[in-house]
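Report on the following structure.
Nothing in this text is a laboratory measurement; each read-out follows from the coordinates by a stated rule. Because the structure is a prediction, the values reported are computed rather than measured. Glycine gets a Cβ as well: all are built from the backbone with ideal geometry, and neighbour counts include every protein chain shown.
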Amino acid sequence: MLPCARLVCVILAGTLGFVPQTANAQSTARKPAVFLRQIRIDSILLVFGVDSTRVREAVLGALREAGRLAPDTMGAVPSFDVDVAAPRTLGGMRDPAGFIRVEVGRNLVESGRSTQLQWERTFDRPSSPTWHEFSRGTLAEVLMAVNKYLLARNGGA
């Protein structure tokens, strides 16, 4: 019985030696939550089939899945605004092109609570041969822009 007790003690001692320890990694600050305030889509894109409701729901879903959607829109919660533009020249445009602008915290600047946006970026959209093709890629391009914000090191922090 003594060798068995010794074996149990060795096993327990060995087990205690392998207690997982947390690494001394840099703590990452939690990125702030935002609320989706506005998605503006150029009217020509709407004419060529961009579904603004679908775009809004996809952006909401991305923010929600990332844990960045604020439960309330009051107080000091920064807004998340998306502008999808397709500028046209007076003579028309052979290959439609445009950009997506993402701004975080515009509401805080407008209310005087902040002097600058928390995060902003403009993403050029590649040109397409037709407005139909250009419009077809809008949802994917918007989600890529949102993803860039969500993955940014300083994404609102």
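Just for segment 40-151, what percent of DSSP beta bridges are antiparallel, to the closest 5?
Taking every DSSP beta bridge with both residues in segment 40-151, the antiparallel ones total about 85 percent.
For segment 49-157, just say rounded, prolate or oblate: build the C-alpha gyration tensor, square-root its eigenvalues into a ≥ b ≥ c, call rounded for a/c under 1.5, and beyond that prolate if a/b exceeds b/c, oblate if not.
Since a/c reaches 1.5 and a/b is larger than b/c, the shape of segment 49-157 is classed as prolate.
Count charges around Ala62 for me, please; just the other residues with Cβ under 14 Å from its Cβ, Lys/Arg as +1, Asp/Glu as -1.
Neighbourhood net charge equals +3.
Under the rule of at least 5 residues apart or a separate chain, name every residue whose amide H is placed under 5 Å from the amide H of Gly98.
Hits under the 5 Å cutoff: Arg125.
Counting only other residues whose beta carbon sits under 10 Å from that of Ser79, what net charge do I get with K and R as +1, D and E as -1?
Once all neighbours under 10 Å are counted, the net charge is -1.
Give me Glu65, Glu133 ranked fewest to most by other Cβ atoms within 10 Å of their Cβ, as a rough exposure proxy.
So the residues, fewest neighbours to most, are Glu65, Glu133.
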